[in-house]
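A short write-up of the structure that comes next.
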2 protein chains.
Amino acid sequence: MEENSTPAKRPTIKDIARESGYSKTAVSFAFNDPSRISEKACRQILETAERLGYIPDPMARNFSLRRHLSIGFLLPQVVQFSLQNPYTLQVVLGIGNVCEKYGYTLTLIPPLHKSITEAVRSAAVDGLITMGMQVEMEIVSVMQTRLLPYVTIDGTPDAQMPSVNIDDEQASYEIMRLVLEAGHRNIVLVSLSEDAFASPTKAESVPNKRMRGYIRALSEAGLALDPSQVLVSECTMEDGITIGKTILALENRPTCVVTMSDIVAIGCILACKQAGLSVPDDISIVGFDNIDESSCIIPQLTTVDQPAKEKGRLAAEALFKMINKETLESVHMEIPYRIIRRESLKKL
Amino acid sequence: MEENSTPAKRPTIKDIARESGYSKTAVSFAFNDPSRISEKACRQILETAERLGYIPDPMARNFSLRRHLSIGFLLPQVVQFSLQNPYTLQVVLGIGNVCEKYGYTLTLIPPLHKSITEAVRSAAVDGLITMGMQVEMEIVSVMQTRLLPYVTIDGTPDAQMPSVNIDDEQASYEIMRLVLEAGHRNIVLVSLSEDAFASPTKAESVPNKRMRGYIRALSEAGLALDPSQVLVSECTMEDGITIGKTILALENRPTCVVTMSDIVAIGCILACKQAGLSVPDDISIVGFDNIDESSCIIPQLTTVDQPAKEKGRLAAEALFKMINKETLESVHMEIPYRIIRRESLKKL
DNA sequence: CTCATGAGGAAAACCGGTTTAGTATGAGTG
DNA sequence: CACTCATACTAAACCGGTTTTCCTCATGAG
């Protein structure tokens with residue numbers, strides 16, 4: 001207010017020190033530990049600060065204290081897709097609740113123009129939660145070099161890689177058995193495209209684990225998997241619709257479509273409805289995740305229930321333990337899932 | 001790797017300078033502006049950095065460069081509620097897309113234990129987007145004192161308050177006219193509770209503007225508004241269900257419920273379904289926002305379509321203009337809305 | 001009276017980068 | 001040959017806080 005000619009500059013701790021007649025140290029104490037100075041000094045300093053409009057620079061504080069008070073969530077896809085997938089959203093919610101509890105903010109980190117690697121190099125956070133990460137990835141070594149704590153959800157458990165997962169292979173095996181027991185033999189599988197974090201060896205990626213589960217059930221039933229039975233989809237409803245149309249156009253239309261994501265499954269259902277087909281009378285559809293929408297849509301979706309919010313919560317709690325140095329070793333959490341049988345799978 | 005006995009410390013620019021035989025300045029140039037040094041020096045420095053596992057500290061860089069490379073979104077409620085409301089989520093998506101474009105991260109800022117004021121004081125961001133903010137609020141003066149650019153969505157336009165809005169009063173007026181034209185006279189209004197940012201004078205808050213629109217339409221039809229006709233709800237589906245039950249228990253059950261939020265309206269619909277009542281045959285329900293779910297639910301919801309993602313986009317674009325000092329004055333954007341007439345409103 | 005103690009506060013180092021100001025060297029120029 | 005200029009580099013200041021170290025002085029105990 002006083003200095004209205006200059007382009008407006010915030011007062012610093014030094015200004016308050018000078019103006020109040022005390023030292024920088026005293027000003028710092030007035031804000032952080034008033035017991036260290038006299039009441040009179042504290043009062044005068046705070047009054048001066050108020051008068052000059054001084055608010056301690058958060059960046060300078062955090063820099064000095066070597067902390068960010070924020071944890072990062074590395075978006076698996078562009079913002080749009082990531083948050084539009086209810087499964088991912090629930091994960092974010094779980095993380096966010098924990099952040100709230102600890103008084104931290106949650107930084108959403110989109111893959112930058114540059115690259116994900118660059119995003120991780122420059123991320124201003126105390127720890128990072130990622131989805132679908134595997135040890136071989138470049139960003140892992142970046143996080144390690146930065147000594148940045150991290151936890152991955154739906155990634156590959158490893159000594160170097162704290163993780164939160166369900167038993168994807170077993171869950172997939174079980175739901176495929178359900179499909180087979182319902183009498184289906186002509187089945188199309190819809191896998192998920194490995195997203196942003198492309199990796200050389202994806203043997204242990206979630207889509208691969210699930211695929212192994214499917215295949216195991218199929219081969220126990222004496223069925224081999226023909227590559228033409230497998231399609232790949234982005235994890236979006238739009239892509240689910242596209243895939244649905246593709247499937248309906250197949251000359252040998254399957255009796256059941258097994259997807260790795262409810263949001264894709266719902267896309268398929270919509271495609272069927274648009275084509276005038278009935279689910280499950282004309283074609284059965286199976287999902288994965290059990291998002292809220294899956295119990296609302298008609299027909300209700302047969303799927304694997306996995307507690308997304310809980311995954312986020314556990315990952316975040318583990319991350320905070322690491323940030324606070326309460327944990328030294330890499331923890332691996334495997335949480336329960338449930339097979340949910342509903343209308344979209346019909347007995348032949 | 002070399003120093004495995006000590007508790008692991010990251011090398012700093014000074015270490016690289018010493019180890020490579022060049023100065024800190026040279027190391028800085030090697031990473032930021034290689035043209036300023038010789039190729040040989042650059043090569044040696046980068047090689048040393050690689051060998052020692054040096055990654056420039058983002059915090060120190062940002063501090064030195066006086067920037068955060070992140071913008072903040074002040075959550076209007078706890079994380080859980082904010083992101084579970086599809087309207088808010090779309091706003092976040094719109095903001096996120098712009099952040100992505102500019103290579104910024106998006107920091108979600110929950111109201112801290114401390115207080116929202118404390119959260120804003122210590123937010124490590126280059127600018128802030130808020131919802132429902134009004135000039136009188138304490139956080140506004142904090143942002144001004146911090147010289148932190150900000151834009152509010154669904155807040156009160158003001159010389160001090162850049163904003164993105166629709167014409168809430170007119171939209172509400174129009175949808176209420178629709179209700180009245182359909183013959184309804186026994187109407188209950190469900191307003192929204194003013195959230196976290198309590199304010200002394202809320203004359204211009206969005207709920208109040210909408211209420212004015214409703215009242216104008218009502219009085220034009222010769223109807224006065226009895227306070228008992230107005231209920232207040234949190235902006236969550238759960239609270240919508242509760243409100244719905246409350247309404248159904250009224251002795252003089254209304255023929256139409258007009259809400260200020262689709263998510264609340266959907267809650268009411270669910271409450272009606274649970275009670276075995278038909279919407280709209282037994283009771284009509286009207287919403288606001290036109291979230292995606294509103295066109296999926298049965299009955300489809302009569303509502304006001306407002307472009308949530310676009311609101312987020314515009315707010316973020318304006319904010320970046322302010323951050324980059326391209327705009328000096330406070331901008332106010334008012335964008336179009338559309339009245340959407342669908343099944344949930346029945347003609348009497 | 002002497003000495004230990006503790007309170008209150010200041011000076012300076014520190015966090016890890018960027019940037020300004022300045023130096024040494026060698027090439028080009030009239 | 002003296003002068004200018006560009007190149008390649010360094011030292012030191014700087015960003016705005018926190019924290020360590022140290023000084024001074026008043027107080028109370030022995």
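Each reported figure results from applying straightforward, stated rules to the coordinates on display, with no laboratory input. Not measured: the values here are computed from a predicted model. Glycine gets a Cβ as well: all are built from the backbone with ideal geometry, and neighbour counts include every protein chain shown.
Tabulated data
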| quantity | calculated |
| --- | --- |
| Residue among B:179, A:151, B:225 farthest towards the positive dipole end of the protein assembly as shown, charges placed on Cβ | A:151 |
| Exam field: residue B:34 pseudo-label spacings to other copies (7 Å along Cα-Cβ), nanometres | 5.5 |
| The protein assembly as shown: antiparallel DSSP beta bridges as a percent of all, rounded to 5 | 15 percent |
| Of B:245/B:309; A:273/B:346; A:273/A:346, pairs whose Cα-Cα distance is over 20 Å | B:245/B:309; A:273/B:346 |
| Per-selection Kirkwood Rh - segment B:1-103 (Cα, Å, 1 d.p.) | 17.0 Å |
| Cβ neighbours within 10 Å from other chains - mean over B:95-107 | 6 |
| Cβ neighbours within 10 Å from other chains - mean over B:66-72 | 3 |
| Helix-derived mean residue ellipticity, 222 nm - over chain B, DSSP H n ≥ 4, -39500 (n - 2.57), to 500 | -13000 deg cm²/dmol |
| For segment B:131-184, radius of gyration divided by Kirkwood radius, i.e. Rg to Rh on alpha-carbons | 1.24 |
| Mean-position separation - Cα centroids, segment B:270-348 and segment A:206-270, in angstrom | 35 Å |
| Binned Cα-Cα distance frequencies in segment B:303-348 - 5 Å width, integer % | 5, 18, 20, 15, 11, 9, 8, 5, 5, 3, 1, 0 |
| Folded to 0 to 90 degrees: helix A:168-181 orientation relative to chain A principal axis, Cα | 30 degrees |
| Rule-of-thumb Rg ratio for the protein assembly as shown [Cα; 2.2 N^0.38 Å; N residues] | 1.06 |
| Distance histogram for segment B:168-305 (every C-alpha pair counted, 10 angstrom bins, percent rounded to whole numbers) | 13, 47, 35, 6, 0 |
| Spatially proximal lysines relative to residue A:9 (Cα-Cα < 26 Å; intrachain offsets below 8 disregarded) | A:24, B:321, B:325 |
| Whole-angstrom gap from segment A:93-114 to segment B:29-61, using each part's C-alpha centre | 30 Å |
| Using a 7 Å Cα-to-Cβ projection, residue B:185 label spacings across copies, nm, ascending | 6.9 |
| Distribution of pairwise C-alpha distances over chain B, 20 Å bins, in % | 27, 43, 20, 10, 0 |
| Test item: B:46-57 mean partner chain Cβ contacts at 10 Å | 2 |
| Two-decimal ratio, segment A:13-65, of alpha-carbon radius of gyration to 2.2 N^0.38 Å | 1.04 |
| Charge dipole magnitude, Cβ of K and R +1, D and E -1 - segment B:168-305, Cα centre, debye nearest 20 | 400 debye |
| Beta bridges by DSSP in chain B, antiparallel share as percent, to the nearest 5 | 10 percent |
| Distances in nm from residue B:277 to the matching label points in the other copies, shortest first (labels 7 Å along Cα to Cβ) | 4.1 |
| At R0 = 25 Å, FRET efficiency that the Cβ-Cβ distance of residue B:221 and residue B:281 yields, to 0.05 | 0.60 |
